[in-house]
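The next block holds one structure in the form of structure tokens; read it before the comments.
The values are calculated or read from the model by the stated rules, or taken from the named source; none is laboratory data. Source: prediction; values computed, not measured. Cβ atoms come from the backbone with ideal geometry, glycine included; neighbour counts cover every protein chain shown.
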Amino acid sequence: MPVAACRSACSRAVRQLPMLAVALMLASLMADGSASAQTADPLDAAFAAMMRQPGDADATLAYAREAAARGQTRAAIAALERLLRINPRLDNIRLELRLAASGGRIAGGRRRLCA
């Protein structure tokens, strides 16, 4: 195998490692039964749904809203930013991101992210 082809194959494998690591973690959790579809914790269920379908905007938004409702603003912000990378024209997601980043305050008043 030529050196350039070997480097290319190695580079592709390295780029796929994070995705493979997440898939292996989810597979091990599913084998233990702690991340099944009937999980008692809605946040865990939303996270599992988001990871099963990474391109599904609805699953990502559901996770972001659940995380925000529990006060996990960093997780909510990360999920909302991910949605904006997929489709930067979603103004409603920009608003929710602004709300999450500001702690839910609009014009001096308190406002819930999941209203």
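Criterion first (of a type in the set (A, V, I, L, M), modelled with pLDDT of 90 or more and assigned by TED's automatic domain parsing to the domain that holds Gly103) does Ala40 satisfy it?
no
Do any residues in region 55-70 that are touching a residue at least 12 places away in the same chain (Cβ under 8 Å) have Cβ atoms under 8 Å from those of residues that are among the aromatic types (Phe, Trp, Tyr) and part of a helix (DSSP H, G or I), where the two are at least six apart or on different chains, and which pairs are they?
Tyr63/Phe47
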